[in-house]
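This report concerns only the one structure given below.
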Amino acid sequence: MDFKKVCVIGLGYIGLPTASTLANSSIEVVGVDRNPEIIATLSQGKVHIFEPGLDEVVHSAVVSGKLRVSLEVEPADAFIIAVPTPFLEDKRADMSYVLAAAESIVPHLRAGNLVILESTSPPRTTIDLVQPVLEQSGLRAGSDFHLCYSPERVLPGQIMKELVENARVIGGTTPQAAEYGKALYSRFVKGEIFITDAATAEMVKLMENTYRDINIAIANEFSRLADRFGINIWEAIAIANKHPRVRILNPGTGVGGHCISVDPWFFVEKAPDLTTLIKAARDVNDSQPAFVLSLAQRALGGDLRGKSIGVLGLSFKADVDDFRESPAVTVLEALTAAGAKVKAHEPYLNEGKHLNISNHSLADAIAGADLILLLVNHKAFRELKPRDISAMTDCRLILDAVNAWQEEEWQQAGFTVLKLGKS
Ligand code: SAJ
């Protein structure tokens, strides 16, 4: 199959890197998003999200003329759906964006086209949900057009590298569809490409993120046990990880982002009777912000009313500008609800973007604080020296929820450093 033109629907953290990388592989790409602000920003050659290296790739794709952006889907040889699949209030998957994207392809679908769903989705979505919508065109999947599921598995913060280098799985609704999918991704993927059926590819993606969620949950539960038993969890994990078959992850503020905190629910929704462990891990990770709150309460003598807290970090993890499902934001809200006066500093939060939380300078956030609460392990925070902080505030009490700072160094400078997982 010859891919002269590809339409990528959804220009977010996955769609935009994919569209621009494809365009730089000499394919004509139309990037489609229904948000006029995103289209306006990209049309001016600007990028609406922060991801290391993305600016350059988008810039060169736009300058070469290979990437165009539009509010409307156009006829193409292949269509890639990369829209969000968030969850609803009751944790069921919100498939409305996927449905709308599939519907937008229908009028433009031609015989011989390839359609690929990339959005993380509950098991059997490609066959049970997307295929019937596309067949409203009068064309049949497998005989007239080809349909695949190929999950993105890139790590926010390293998307541009992982998009090219990671192994890729392509699940076809027919073996031929998978071969066509492989031909398309081979244009830019250097990692190995594995071919399977669509439902297996969906399962692979959900298993990966669920596996990680469960592993973070055990680390978080260990941090609570260490706190109960008067043990330093960070030292205990470092020693346990010397075992050749043990690799305990890091406890912290909790699990956020649009992937790991969401995807396991897709299993729970589809098979509640079979997902006891998966559900328990979700509950542990979702309650980690409450554990952090209890540590802040203990640090300040039990009652947070009227206490000033300088919160450092609000993004869902280190060095990203993504605030979706951020546990740090949950902690901030819980502190405020408990009566504390909270001022936050988040280096990745642009004015007016993403969140309805005022962003203070570092100095403002910690001036006059009773407690400095470190919630995200940003590089900029790790590099702070005790003298940087002591010049800005009289506060000498720190609660480090992510093990970013070396205790001795800060203690020598007169700080009391409390850590999550170390009572
Ligand atoms: N976290 C911890 N402790 C750890 C590791 C992570 O508390 O030891 C927290 C992070 O702070 C964050 C959350 O977990 O709040 C998730 O972060 P992450 O870096 O583990 O994962 P994501 O959500 O950025 O990206 C994941 C990746 N999946 C796996 O590693 C299995 C990525 O490869 C996927 O492409 C991505 O989900 C996705 O889009 O599904």
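The values are calculated or read from the model by the stated rules, or taken from the named source; none is laboratory data. Bear in mind that the values here come from a model prediction, so they are computed numbers and not experimental data. Because the Cβ atoms are built from the backbone with ideal geometry, glycine has one as well, and the counts that use them run over all protein chains shown. The accessibility values were calculated without ligands, DNA or RNA, using every heavy atom of the protein model including side chains. Shrake-Rupley method; radii C 1.70, N 1.55, O 1.52, S 1.80 Å.
Which value in Å does the Kirkwood hydrodynamic radius of the chain take, with 1/r averaged over all unlike C-alpha pairs and then inverted?
Details: mean 1/r = 0.0433 Å⁻¹.
Result for the chain, one decimal place: 23.1 Å.
Could I have the simple spin-label model distance between S423 and L155, label points 7 Å from Cα toward Cβ, reported in nm to one decimal?
Calculated label separation equals 3.3 nm.
Among the listed pairs K182/K205; K91/K341; K205/K419; K161/K379, give every one whose C-alpha distance is greater than 22 Å. Can you show the working numbers first?
Values: K182/K205 17 Å; K91/K341 31 Å; K205/K419 34 Å; K161/K379 19 Å.
Over 22 Å Cα-Cα: K91/K341; K205/K419.
Using a 10 angstrom Cβ neighbour count of at most 15 plus a DSSP loop assignment to flag exposed GluC sites (Glu not before Pro), which longest range of the chain is free of such sites? Show your work: numbers first, answer last.
Details: sites that count: E72, E89, E192, E351, E383.
The longest such stretch corresponds to 193-350.
Calculate the spin-label point distance for Q411 paired with S64, positioning each point 7 Å from the Cα along the beta-carbon direction, and give it in nanometres.
With each label point 7 Å from Cα toward Cβ, the separation is 5.6 nm.
What are the extents of the Cα atoms of region 10-138 along their three principal axes, listed from largest to smallest and rounded to whole Å?
Extents along the principal axes, in whole Å: 39, 38, 23.
Need the full-extension length gain, R92 to S358, defined as separation in residues times 0.36 nm minus the C-alpha distance. One decimal, nm. Can you show the working numbers first?
Details: separation 266, 0.36 × 266 = 95.76 nm, distance 3.10 nm.
Difference between extended and current length: 92.7 nm.
Rounded if a/c is under 1.5, else prolate if a/b is larger than b/c, else oblate: which is region 237-383, with a ≥ b ≥ c the root eigenvalues of its Cα gyration tensor? Intermediate results must be reported in sequence, preceding the final value.
Numbers: a/c = 1.66, a/b = 1.57, b/c = 1.06.
In terms of gyration-tensor shape, prolate.
Could you rank R212, R34 by how accessible they are, 1.4 Å probe, largest area first?
On the way: R212 110, R34 165 Å².
Reading off the accessible areas and sorting them downward yields R34, R212.
Evaluate the charge dipole of region 54-189 about its Cα centre and quote only its size in Debye, nearest 20, assuming +1 on the Cβ of each Lys and Arg and -1 on the Cβ of each Asp and Glu. Numbers along the way, then the final one.
Values: 12 positive and 17 negative charges, 67 e Å.
Rounded to the nearest 20 debye, it is 320 debye.
Hey, can you find the accessible area per residue of the chain for me, probe 1.4 Å, expressed in square angstrom?
Values: 18400 Å² over 423 residues.
Value for the chain: 43 Å² per residue.
Can you tell me which of A391, A82, A100 moves the most in a GNM of the chain? Springs connect C-alpha atoms under 10 Å apart.
Between A391, A82, A100, it is A391 that shows the largest mean-square fluctuation.
Assigning unit charges at the beta carbon (Lys, Arg +1; Asp, Glu -1) and nothing else, what dipole magnitude in debye, to the nearest 20, does region 296-423 show about its Cα centre? Walk me through the numbers on the way to the answer.
Values: 15 positive and 17 negative charges, 52 e Å.
Value, rounded to 20: 260 debye.
How far apart, in nm, are two points set 7 Å out from the Cα along the Cα-to-Cβ line at F194 and at R247?
About 1.4 nm separates the two model spin labels.
Take the Cα atoms of region 326-415, build their convex hull, and give its volume per residue in Å³.
On the way: hull volume 8.6 nm³, N = 90.
Looking at region 326-415, the number lands at 95 Å³ per residue.
Mind jotting down the distance between the C-alpha centroids of region 365-389 and region 160-231, whole Å?
Computed from Cα coordinates, the inter-centre distance equals 34 Å.
Carbon and sulfur together cover what percent of the accessible area of region 181-323 at a 1.4 Å probe radius?
Working: 3790 of 6540 Å².
Taking all protein chains in place, region 181-323 shows 58 percent carbon and sulfur surface.
As I understand it, the value is the acute angle between the Cα axis of helix 198-229 and the longest principal axis of the Cα atoms of the chain; what does it come to in degrees, rounded to 10?
Once rounded, one gets 0 degrees.
Restricting to Cα atoms and excluding each atom paired with itself, what does the Kirkwood estimate give for region 255-307 in Å?
Values: mean 1/r = 0.0774 Å⁻¹.
In region 255-307 this quantity evaluates to 12.9 Å.
Please list, by residue number, every one of the trypsin sites (Lys or Arg not before Pro) in region 304-388 that is coil in DSSP and has at most 12 other beta-carbon atoms within 10 Å. Walk me through the intermediate numbers first.
Details: sites: R305, K307, K317, R324, K341, K343, K353, K379, R382, R387; in loops: R305, K307, K317, R324, K353.
Qualifying residues, ordered by number: R305.
Would you work out which of Q297, N250, V262 lies farthest towards the positive end of the dipole of region 247-297, given +1 charges on the beta-carbon of Lys and Arg and -1 on that of Asp and Glu, about the Cα centre?
Farthest towards the positive pole: N250.
Using +1 at the C-beta of Lys and Arg and -1 at the C-beta of Asp and Glu, which of S287, L147, Q406 has the Cα lying farthest in the positive direction of the dipole of the chain?
Q406
Using a 1.4 Å probe on the protein heavy atoms, what percent of the accessible area of region 1-133 belongs to carbon and sulfur?
55
About its Cα centre, how strong a charge dipole does region 226-360 have in debye, to the nearest 20, once Lys and Arg get +1 and Asp and Glu get -1 at the Cβ?
Working: 15 positive and 15 negative charges, 78 e Å.
Dipole magnitude for region 226-360 comes out near 380 debye.
Report the net charge of residues surrounding V57, where surrounding means a beta-carbon distance below 12 angstrom and charges are Lys +1, Arg +1, Asp -1, Glu -1.
On the way: positive: K66, K161; negative: E51, D55, E56.
Charge balance near V57 sits at -1.
Helix 54-63 sits at what angle to the longest principal axis of the chain, using alpha carbons and giving 0 to 90 degrees rounded to 10?
Between helix and principal axis, roughly 30 degrees.
Which FRET efficiency, nearest 0.05, do E333 and Q176 yield, Cβ-Cβ r, R0 45 Å?
Values: r = 50 Å, r/R0 = 1.12.
Efficiency, from the Cβ-Cβ distance: 0.35.
Let's test the formula: R0 of 60 Å, r as the Cβ-Cβ distance of S390 and S143. What FRET efficiency results, to the nearest 0.05? It would help to have the intermediate numbers written out before the result.
On the way: r = 71 Å, r/R0 = 1.19.
The formula returns an efficiency of 0.25 here.
Over the Cα atoms of region 218-261, compute the convex hull volume and normalise it per residue, giving Å³.
Numbers: hull volume 3.4 nm³, N = 44.
Normalising the Cα hull of region 218-261 by residue number yields 77 Å³.
At 1.4 Å probe size, what's the solvent-accessible area of C395? Round to the nearest 10 Å².
Using a 1.4 Å probe on the heavy atoms, I get roughly 10 Å².
On a 0 to 90 degree scale, rounded to 10, what angle separates helix 175-185 from the longest Cα axis of the chain?
60
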